[in-house]
Amino acid sequence: MLALAGVVLLVTGVVMAFYWVPMAPGEGFRQRIFYIHVPVALTAYACFAWGAWKALRLLWKREERYDLESYTAVHMGTIFGVLTLVTGSIWARTSWGVWWSWGDRQLVLFLILFLFYCAYFMLRYAVEPGPRRERLSAVYALLGVVLIPVSFLAIRLAESLIHPTVFTRDVNENLTSSQLGTFIVCLAGTLCLAGALYKIELTGKRLDRQLRELRRALA
Amino acid sequence: MTYLQDVAVLTRKDLLLELRARETVPAMLLFVVSALVVFHFVVPSGLSEETERIVSGGLLWVAIVLTAILGLTRAFAAERDEGLLDGLVMAPCDRSAIWLAKTLSVIAFLLLAEIIALPAFALFFTSVDAATVGAVLLANVGIAAVGSLLAAIAAASRTRELLLPLLFLPLAIPIVVGGVGATAADDPSRYLWFLGLYDAIFAIISWASFEYVVTE
């Protein structure tokens with residue numbers, strides 16, 4: 001159901017973005033990637049926050065199932081994070097003619113987060129499965145959700161030092177109602193999609209674990 | 001025993017171990033000076049004084065962070081190799097006291113390394129101002145607080161020394177931003193505030209979550 005809703009909303013959102021929303025002044029056609037880039041970025045944040053929430057629940061309740069939920073949420077967040085980097089990179093290319101710009105806060109932040117969560121996966125692969133690993137990855141996932149605002153602040157501070165002239169991209173200011181409507185539809189679509197993927201992945205991982213336990217019992 | 005006495009005893013243990021074995025601090029000293037010498041060959045000669053000040057200021061922070069990583073990889077070496085951590089965890093003291101003691105001893109090691117590194121930097125590159133010294137002191141707290149937690153995490157993994165830099169560097173980026181800002185900007189106060197904020201946030205989180213890292 002969630003997957004179907006996600007697909008319907010996303011298709012509607014993309015159609016709205018292409019045919020309904022008027023051209024943005026100054027930015028033109030390329031501005032339409034905004035309706036994919038920003039919802040994907042927000043969805044990635046939501047996934048990381050969800051993963052950290054589950055990690056907190058794990059440390060609190062010490063129930064094993066939260067570990068898998070936290071891991072899957074972080075996994076989804078990383079996938080959407082990579083999508084953010086890719087779409088942001090395309091936008092930078094069309095706007096400024098370069099594939100990468102240190103002037104774009106969102107992109108730099110996602111690069112840092114991408115590195116952070118890659119280290120999270122390295123950590124998980126380097127520790128034997130068990131309650132120890134669950135807690136270690138939960139603590140690290142919690143650090144990540146704190147790193148997001150701190151890094152955001154750091155990037156703003158660094159920008160004022162390294163880049164005296166800040167790139168401005170005034171799409172976030174004064175959204176018209178049609179723009180806002182399209183944006184909300186797209187955001188709802190990506191959130192539904194992330195939720196559906198999360199559920200599928202979780203079911204798959206749980207099945208995998210049950211299968212392994214069954215095999216061990218039989219052997 | 002009170003909490004502070006526990007911390008004092010544990011810190012004393014770390015410092016005493018280092019005093020007897022003399023493993024970590026000499027390595028950190030040699031590393032930081034070697035790194036600065038390498039960095040001399042990175043900065044092209046003939047830069048304007050202002051440019052050289054900014055560029056070399058950044059290199060100082062690279063040297064500090066890398067030296068800290070070098071020290072942190074050894075932070076839980078004794079605990080891990082000698083099975084000491086199990087004993088510490090079973091000891092009748094709060095587990096966060098272990099973290100606090102480790103953080104204090106890492107700060108002490110970092111200070112020793114910087115007592116050599118900052119004059120060496122002033123000798124090789126440019127003079128060090130008060131804002132830089134303040135930023136280094138503030139950064140030590142953040143590095144040691146997060147680093148001790150991550151060193152304990154890495155010590156529990158199979159790859160150990162390999163994993164720590166990967167875990168630590170993304171979290172060290174804000175420290176580098178604050179440090180470089182304090183060194184290079186005309187008005188360092190907000191960068192120093194930022195470093196203080198970082199210290200407070202991450203010290204509280206590390207203090208609260210250390211228990212979950214060391215218990216089996």
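The values are calculated or read from the model by the stated rules, or taken from the named source; none is laboratory data. This is a predicted model, so every value here is computed, not measured. Here the Cβ is made from the backbone with ideal geometry for all residues, glycine too, and neighbour counts use every protein chain on show. SASA here: full protein model, heavy atoms, side chains in, ligands and nucleic acids out. Shrake-Rupley method; radii C 1.70, N 1.55, O 1.52, S 1.80 Å.
Just a few scattered comments:
- Qualifying residue in the range B:186-202 (condition: touching a residue at least 12 places away in the same chain (Cβ under 8 Å), in contact with a helix residue (DSSP H, G or I) (Cβ under 8 Å, 6 or more places away or on another chain) and β-branched (Val, Ile, Thr)): no
- Against the list (1) of a type in the set (A, V, I, L, M, F, W, C); (2) over 15 Å from B:Gly147 (Cβ atoms); (3) more than 9 Å from chain A (Cβ to nearest Cβ), the condition B:Ala184 fails is (3).
- Count - residues of the range A:113-137 that are under 21 Å from B:Ile173 (Cα atoms), in contact (Cβ under 8 Å) with a residue 40 or more places away in the chain and either among the basic types (Lys, Arg) or buried (at least 18 other Cβ atoms within 10 Å of the Cβ) (or both): 4
- Candidates B:Leu70, B:Leu123 - the one that is touching a Phe, Trp or Tyr at 6+ places or on another chain (Cβ under 7 Å), open to solvent by 10 Å² or more (accessible area, probe 1.4 Å) and farther than 24 Å from B:Ala208 by Cβ: B:Leu70
- Considering the range B:1-34, the residues that are assigned to a loop (DSSP other than H, G, I, E, B) and farther than 26 Å from B:Leu60 by Cα include one that is most open to solvent (accessible area, probe 1.4 Å), namely B:Met1.
- The single condition from (1) closer than 28 Å to B:Arg95 by Cα; (2) without any contact (Cβ under 8 Å) to a residue 40 or more places away in the chain that B:Ile115 fails is (1).
- Of everything listed in (1) open to solvent by 30 Å² or more (accessible area, probe 1.4 Å); (2) facing chain A (nearest Cβ under 8 Å); (3) closer than 19 Å to A:Met122 by Cβ; (4) of a type outside the set (D, E, K, R), the single unmet condition for B:Ile201 is (3).
- The residues in the range B:138-168 that are open to solvent by 30 Å² or more (accessible area, probe 1.4 Å) and more than 7 Å from chain A (Cβ to nearest Cβ) can be counted, and the count is 6.
- The set of residues in the range B:35-51 that are part of a helix (DSSP H, G or I) and more than 16 Å from B:Ala120 (Cβ to Cβ) comprises B:Glu49, B:Glu50, B:Thr51.
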